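I have placed the structure first, in the form of structure tokens, so that the comments after it can refer back to it.
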Amino acid sequence: MPSPIPFRSRLRLFDSPYLFPLLLLLGGAVERLAWLVMRSDLSHAHGEAANAAIAYAKTGEIADVFGKGTGLTAHLNPILPAIGGTIYHIFGIQSTTSEVLLILMAIGFAMTSGWFLYLLFERLGVARWARLVALGIFCFFPINLSVEVVDFRLWEGAMAAALGAGTLLLIVKSDQEGDTGWRRASIIALLAALLFFINPANGLMIYFAAFILLVRRVPLRRWPQMLFITIMALICILTPWTLRNYEVFQRFIPLRGNMGLELALANHPDDPTQNGDFAQFRSRLETIHPLQGGGGFERLKRAGGELAYADAMGAEARRWIAANPGAFMRNCLSHIRQYYFPPEWQWRIYGDGTSRATWLKVAASWLLGITGLSGVLVALLTRRGLYLYAACAVVLPVLPYIVTQPVPRYRYLVYGPLIFFSAVLLEWLAAKMRGWFRRGEQAPRDRPAASSPDAPSLPYQG
């Protein structure tokens, strides 16, 4: 019979530096589940992704994003709708079992992104106490509960955030260890290609971070090899979807076919009957989006399908941009501002999502924007080096949304990185304050005593 583990040894099992962070993540997952229980409504994801998942459950095809009968689609990424559709096919469309499984998957992706960010900023050298503060805020402050627990069951935001943080961690590890061999490069290239396919905004961020690794750690003579690995990985990931789209639409569509519609939603002549950004955007959404009630679906059918409709909307938007470059630039600047400092109406784009806590979410989002961007600036000015990689996760995902309208699930990509860069700022301020206190304590000892006539006349060195 094996002897029992001594009491002291049992205590050591809980000495891991990662035990408390993992408990925070577990607590964050429980909080999200408790939020759903208190709502007494499992609900389900809405919009194009939900429609595609239902179609996949019934037909095995990514289709009908704008309703039954709208046909095969290239409007959105197929991975999560296919996963969700498979679950719906096995356990029932929007059944309790299916929704619980999708909830657990969405929460798992969200918590995994927090865990990877914690490990990433550990490698960057951020103090443990600062990282724990950041992880606690990420886990327990309820800014994005609905997005994480409802939308991301079938939309890709949490999956993209987790994959992006994990790949960034691997890139930083490769820099620190000097491991840029073909095996590590192949893994990074495949992850980057997969992320670019799932979410182009975060994919661009990873490719830029990989380029920094190339410049910092790879000799120039090996750049062609790295480029070849990158291109082959991208071809492997994108080819099946591209071939499917060419067969269906007779066009080269490696990612999505919705850019024209997104461009038209964000760039159009002002409606003089509407007042304010929200009224303008909501009016435009109602007018042209096929899932709204303003006639967009009928116009889509008349245009000959979603791709033809998106092309027509995109052409109209580009004509307006060419004729109004000044207004377009103002739109772009407004989108950047809204991405990092979202206005209150962002919480009610698709309905009256406001509550008594909405003002707190707005204030917290603005505070995170200020402190997170300040943390990026402090890190790049005082620490540089590896912080270049992490800075990519904050400043680059905005790029596609400069010309389109940012919404909460798009902004989620920078939510975690902003929190952890806020911790960088907090650590820097704490170090500055400690330095000020030390100088204040040492100053009296460094000054010669005023009452001593023999004290040497030396300049104050405090």
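The values are calculated or read from the model by the stated rules, or taken from the named source; none is laboratory data. Predicted model only: the values in this text are computed from it and were never measured. Note that we place each Cβ from the backbone using ideal geometry, even for glycine, and neighbour counts take in every protein chain shown. Note: accessible area is taken over every heavy atom of the protein model, side chains too, but ligands, DNA and RNA are not part of it. Shrake-Rupley method; radii C 1.70, N 1.55, O 1.52, S 1.80 Å.
Quick check: Cα centre of region 319-340 to Cα centre of region 216-270, how many Å?
25 Å
What whole-number value in Å² describes the accessible area per residue of region 16-124 for a 1.4 Å probe?
Averaged over the residues of region 16-124, the accessible area is 42 Å².
I need the shape label for region 71-221. Rule: rounded when a/c is under 1.5, else prolate if a/b > b/c, else oblate, with a, b, c from the alpha carbon gyration tensor.
oblate
Report the Cα centroid-to-centroid distance between region 385-416 and region 161-211 in angstrom, as an integer.
16 Å
Roughly how tilted is helix 182-198, in degrees to the nearest 10 and between 0 and 90, from the longest Cα axis of the chain?
50 degrees
Given a 1.4 Å probe and heavy atoms of the protein chains only, how would you sort W366, W428, largest accessible area at the top?
Highest to lowest solvent-accessible surface, that is W366, W428.
Using a 10 Å cut-off on Cβ atoms, rank the peptides 58-71, 246-259 from the highest mean neighbour count down.
58-71, 246-259
Report the relative contact order of region 171-241, percent, no decimals, based on alpha-carbon pairs under 8 angstrom and at least 6 residues apart.
44 percent.
Once Rh for the chain is found with the Kirkwood sum over Cα pairs, what is the Stokes-Einstein diffusion coefficient at 10 °C and 1.306 mPa s, in µm²/s?
Rounded to a whole number, D works out at 64 µm²/s.
I need the phi-derived Karplus couplings for region 157-167: 6.51 cos²θ - 1.76 cosθ + 1.60, θ = phi - 60°, integer Hz, Gly and Pro marked x.
x, 5, 4, 5, 5, 5, 5, x, 5, x, 5
Considering only protein heavy atoms, what is the solvent-accessible area of C236 at a probe of 1.4 Å, reported in Å² to the nearest 10?
My reading of the accessible area for C236 is about 90 Å².
Send over a whole-number figure in Å² for the accessible area per residue of region 294-405, probe 1.4 Å.
Spelled out: the 1.4 Å probe surface of region 294-405, per residue, equals 48 Å².
Show me the ranking of peptides 22-34, 304-316 by mean Cβ neighbours inside 10 Å, starting with the highest.
Result, highest mean Cβ count within 10 Å first: 304-316, 22-34.
List every residue whose amide H lies under 5 Å from the amide H of G71, counting only residues 5 or more places away in sequence or on a different chain, with H placed 1.01 Å from N in the peptide plane.
D64
Take every Cα-Cα distance within region 250-379, group them into 10 Å bins from 0 onward, and report for each bin the whole-number percent of pairs it holds.
11, 32, 33, 19, 4, 0
On the accessible surface of the chain, probed at 1.4 Å, how many percent belong to carbon and sulfur atoms?
Roughly 65 percent, rounded to a whole number.
Can you compute 3J(HN,Hα) from phi for each residue in region 337-344, using the Karplus curve 6.51 cos²θ - 1.76 cosθ + 1.60 with θ = phi - 60°, rounded to whole Hz and x for Gly and Pro?
4, 5, 5, 9, 10, x, x, 4
Beta carbons within 10 angstrom, averaged per residue: use that to sort the peptides 123-135, 318-330, highest first. It would help to have the intermediate numbers written out before the result.
Details: 123-135: 18.3, 318-330: 12.7.
Descending mean neighbour count gives 123-135, 318-330.
Please list, in order along region 58-72, the HN-Hα scalar couplings obtained from phi with the Karplus expression 6.51 cos²θ - 1.76 cosθ + 1.60 (θ = phi - 60°), rounded to whole Hz, x for Gly and Pro.
These are the phi-based 3J(HN,Hα) values: 8, 10, x, 10, 7, 8, 6, 5, 9, x, 4, x, 7, x, 4 Hz.
So which lysines can K301 reach, going by Cα to Cα under 26 Å and dropping same-chain residues fewer than 8 places off?
The reachable lysines, counting only those whose Cα sits under 26 Å from K301, are K58, K68.
Suppose every Lys and Arg Cβ carries +1 and every Asp and Glu Cβ carries -1, with no other charges. What dipole size does the chain come out with about its Cα centre, to the nearest 20 debye?
1220 debye
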